[in-house]
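First comes the structure, then the notes that go with it.
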Amino acid sequence: MAGTSHGNTPAAWTGVIISFIGFCVAGAFVVMAEPVGFWAGTAVVLLGGVVGGIMRTMGLGAPKAQPLVTSERAAVREAAVPQS
């Protein structure tokens, strides 16, 4: 399940906004029956993913969660078991 910062980063917002613009451009050119414009809009959608990925590697994305080691998992499991 997503934590509290699911997608709430500059990298995520920028990638989604660029992709949304590309989607709108591609959709408009589909209606106008212009294949070149459609493919240009599709390229902008892909560019949004690339830009978001680059920004994430630059540190503008959500930090990766550190995996729990086995002893920490056991401690968490034991704490979750109700004591009677």
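Kindly indicate which of Gly48, Gly52, Gly22, Gly41 is in contact with a Cys (Cβ under 9 Å, 6 or more places away or on another chain), surrounded by 15 or more Cβ atoms within 10 Å (Cβ to Cβ), touching a residue at least 12 places away in the same chain (Cβ under 8 Å) and in a helix (DSSP H, G or I).
Gly41
Being more than 26 Å from the chain's Cα centre (by Cα) and modelled with pLDDT of 90 or more is the filter here, so list the residues in segment 33-84 that pass it.
Ala33, Glu34, Pro35, Val36
The values are calculated or read from the model by the stated rules, or taken from the named source; none is laboratory data. In this text, all values refer to a predicted model and were calculated from it rather than measured experimentally. Cβ: placed from backbone, ideal geometry, glycine included. Neighbour counts: every protein chain shown.
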